[in-house]
1. Give the relative contact order (percent, whole number) for segment 16-175; include only Cα pairs under 8 Å separated by 6+ residues.
2. Rank by packing, highest mean first: peptides 37-43, 126-132, 108-114, with packing defined as the count of other Cβ atoms within 10 Å averaged across residues.
3. In segment 79-181, if every C-alpha pair distance is counted and binned at 10 Å from zero, what percent goes to each bin?
4. Residue-wise, which Karplus ³J(HN,Hα) couplings in Hz belong to segment 104-114, taking 6.51 cos²θ - 1.76 cosθ + 1.60, θ = phi - 60°, and x for glycine or proline?
5. Count charges around Pro92 for me, please; just the other residues with Cβ under 9 Å from its Cβ, Lys/Arg as +1, Asp/Glu as -1.
6. Hey, what do the phi angles of segment 53-60 turn into as Karplus ³J(HN,Hα) couplings, whole Hz, using 6.51/-1.76/1.60 and θ = phi - 60°, x for Gly and Pro?
7. Can you run phi through the Karplus equation (6.51, -1.76, 1.60; θ = phi - 60°) for segment 155-166 and list ³J(HN,Hα) in whole Hz, with x for Gly and Pro?
8. Extent of the chain along each principal axis, from alpha carbon coordinates, in Å, largest to smallest?
Amino acid sequence: MRDDVFLGPDRYLAWRPAAAWRPAMSAGWWHWVASTDSLTARLIDAAHGDFGVRLLTQRLDRPRRDEALALDIPFTQRVWRREVALCAAGNPWVVARSVAPLAQLRGQRLGQLGERSLGSWLFRQPDLERGPIDVTRQSAPFHVERGPWGRRSLFQHGRFQVLVQEFFLARMADELNLPRR
Ligand SMILES: C=C(O[C@@H]1C=C(C(=O)O)C=C[C@H]1O)C(=O)O
């Protein structure tokens with residue numbers, strides 16, 4: 001499938017376990033894509049502190065079909081959707097889309113996150129569980145900028161779950177002298 005094919009809400013991104021992409025992925029990108037700690041913390045370090053979260057969208061919505069399948073919810077169930085650009089020196093390096101079933105939101109007040117990183121809240125939850133990392137070579141279907149890799153994982157905290165999808169942009173590869181893939 002060509003990477004630049006626009007994937008409408010009912011199309012599927014081709015996700016595979018991270019290990020399946022290991023042979024095709026450079027060591028430099030594996031360091032970013034397969035890491036299980038906070039991406040925000042890594043970006044702050046790589047950007048020498050000149051980092052910011054730019055809120056693109058935050059609203060109630062329907063999940064994409066691949067999101068509903070990953071969350072194991074009906075396609076018709078409403079979700080909280082948040083899309084951000086994670087920026088270094090004001091330039092987007094990663095675009096992220098997080099989706100959480102509305103029915104499981106109880107007092108997390110995620111709507112008030114604003115320009116604070118979702119990770120700053122997630123990684124403070126003591127019983128946080130993170131599922132395996134899936135990877136795609138397709139670019140973010142919700143953003144105009146292309147990139148070499150996307151990853152997603154499901155975070156669980158009690159009954160609450162959120163699917164976090166992060167798409168690394170070509171600009172990040174250029175500015176960190178990472179290989180194309
Ligand atoms: C999950 C994390 O939070 C990051 C920040 C996000 C946000 O602010 O919406 C979304 C996904 C992540 O890239 C992280 O830091 O690893």
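1. Over segment 16-175, the number comes to 23 percent.
2. My ranking of the peptides, most packed first, is 37-43, 108-114, 126-132.
3. 14, 45, 31, 10, 0
4. Couplings: 9, 7, 9, x, 6, 6, 5, x, 9, 4, x Hz.
5. +1
6. So the J values, rounded to whole Hz, are 9, 10, 6, 9, 8, 8, 6, 7.
7. Once θ is set to phi - 60°, the couplings for segment 155-166 become 9, 10, 8, x, 7, 7, 9, 9, 8, 10, 10, 10 Hz.
8. 42, 37, 28
All of the numbers you see were taken from the coordinates with simple rules; none came from a lab. Keep in mind it's a predicted model, so treat the numbers as computed, not measured. Cβ coordinates were reconstructed from backbone atoms using ideal geometry, including for glycine residues, and neighbour counts include every protein chain displayed.
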